[in-house]
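Accompanying notes for the structure given below.
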Amino acid sequence: MDTASNDSQDSWNRDTGFGANDRRFAFSRRTSSKQWQEPPHTPIPINSDDSAKPLLSRNMSSINIPPGSYFASESNKFYSVKDKSSDKLSVLSLAFTILENVRSGNRYMKRLFLMISLNVLYTTAELAIGLLTGRIGLVSDAFHLTFGCGLLTFSLFAIAASRSKPDHVFTYGYKRLEVLAAFTNALFLLFLSFSLAVEALHAFIQDESEHKHYLIFSAVTNLMVNLIGVWFFRSYARLNLVYRKAEDMNYHSICLHVLADSIRSAGLILASWFLSLGVQNAEVLCLGLVSVAVFMIVMPLFRATSGVLLQMAPPSIPTSALSKCWRQISSREDILEVTQARFWELVPGQVVASLTLTTKKGSDNRQTLDFVHGMYHELGIQDMTVQTEDA
């Protein structure tokens, strides 16, 4: 009987792609002689009602989960097909949720909502004037500002959504949405820098500077609107800002967004003024300087946000400190090997780590775990998972 069961188990492993030593699904067990003599046991429910079925029902070789359990109800809650009426109301309910969070949020959320409203009004007016007068430059600038308003709206949504509590789908919560919003803003500003460089090169080749004087009024108005945004987020106007929370990245990206638009508008105004004085290639020079300035102020934010999203080693902890902890753990007599040491930032200020230890057989793992956790907690790593394996 044992030989037949082992053959069937090996056949199942070959069909599913798991080796004989794979422990990922090591839940089956052999039946002992005592199990053949005694009836199977089931977990006793907390309540005294005998009619209530236990959550788990165990037999000789498997664990059966009855239908209608917690996991089924929760999966239906999140993954079931919704009605058409609920789909129609989803966008409206989301908008009301954001407005409610803005009303009950901090001053930066309210300032961001006001700035988005001003940009939407200005962009709508510029687009209407451009369509009525046939000015392609105004229409193009209006579409550029529309895309920027969309990114600022996404930043507002990230701030509102990050206040939600973790659930069984997003077990770490929604804080990383703010890091994603900051990364998106930084990527847009890098694209803006590249487009300004291309525009400067095009102006140098075609020499079409004299045909763009009608954009000066638009640049002055846009500069005034963006300066209001810079004043709103002046606390985050520093270039190399130390990010202590996820919202610091998001607010910093918003400030750099409106600051880059302000620099762009100021560059167009200066270019027009120099052209009126008879300076040759003034637009090429101004747009080139603006492109370099936007690139320089955005790159630190782009590196920081991409490092968090790519789960790089936390910059707040020196690499030498992590190496020192590694050496101290490896020098213990009961530890044979330290493998799969991973350290990353979930969001700025929250470092997550995982570690796998190969220990001697029969050693006290409790003391080892206390030693490892205490050592890394001194470095500021509170969310840490340590797995021990016997040699």
DSSP loop GluC sites (Glu not before Pro) in the range 168-277 with at most 13 other Cβ atoms within 10 Å of their Cβ, which ones?
208
So if R0 is 25 Å, what FRET efficiency would residue 385 and residue 333 give, r being the distance between their Cβ atoms, rounded to the nearest 0.05?
0.60
Determine the distance separating the Cα centre of the range 270-288 from the Cα centre of the range 312-391; give it in Å without decimals.
59
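What does the charge count around residue 173 come to, taking other residues whose C-beta lies under 9 Å from its C-beta (Lys +1, Arg +1, Asp -1, Glu -1)?
+2
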Put +1 on the Cβ of every Lys and Arg and -1 on every Asp and Glu Cβ in the range 158-263; which of 227, 161, 201 then has its Cα farthest towards the positive end of the dipole?
161
Amide H contacts under 5 Å for residue 334, restricted to residues at least 5 apart in sequence or on another chain and with H modeled in the peptide plane, are none
Give a residue-ordered list of calculated ³J(HN,Hα) values for the range 174-184 (Karplus: 6.51 cos²θ - 1.76 cosθ + 1.60, θ = phi - 60°; whole Hz; x for Gly, Pro).
10, 5, 5, 4, 5, 5, 5, 5, 5, 5, 5
Using DSSP to define loop residues, name the GluC sites (Glu not before Pro) in the range 279-380 whose beta-carbon has at most 10 other beta-carbon atoms within 10 Å.
333, 378
Just to be sure I understand the model, the point goes 7 Å from the Cα along the line to the Cβ. What's the resulting residue 276 to residue 319 distance in nm?
5.4
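Using 0.36 nm per residue of separation minus the Cα-Cα distance, give me the extension gain between residue 378 and residue 120 in nm, one decimal.
Answer, rounded to one decimal: 88.0 nm.
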³J(HN,Hα), Karplus 6.51/-1.76/1.60, whole Hz, each residue of the range 306-321, x for Gly, Pro:
5, x, 5, 5, 8, 6, 6, 4, x, x, 6, 10, x, 5, 5, 5
Using the beta-carbon distance between residue 132 and residue 216 and R0 = 22 Å, what value does 1/(1 + (r/R0)^6) give for FRET efficiency, to the nearest 0.05?
0.75
Could you run the Karplus curve 6.51 cos²θ - 1.76 cosθ + 1.60 with θ = phi - 60° over the range 257-263 and give me ³J(HN,Hα) per residue in whole Hz, x for Gly and Pro?
4, 6, 5, 5, 5, 5, 5
Residues meeting the amide H criterion for residue 389 (H placed from the backbone, H to H distance under 5 Å, 5 or more places apart or on another chain) are 357, 358, 359
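Every number in this text was worked out from the coordinates using simple rules, so none of it is lab data. As the structure is a computational prediction, the values presented were derived from the model and not from experiment. Neighbour counts run over all protein chains shown; Cβ positions are idealised from the backbone, glycine included.
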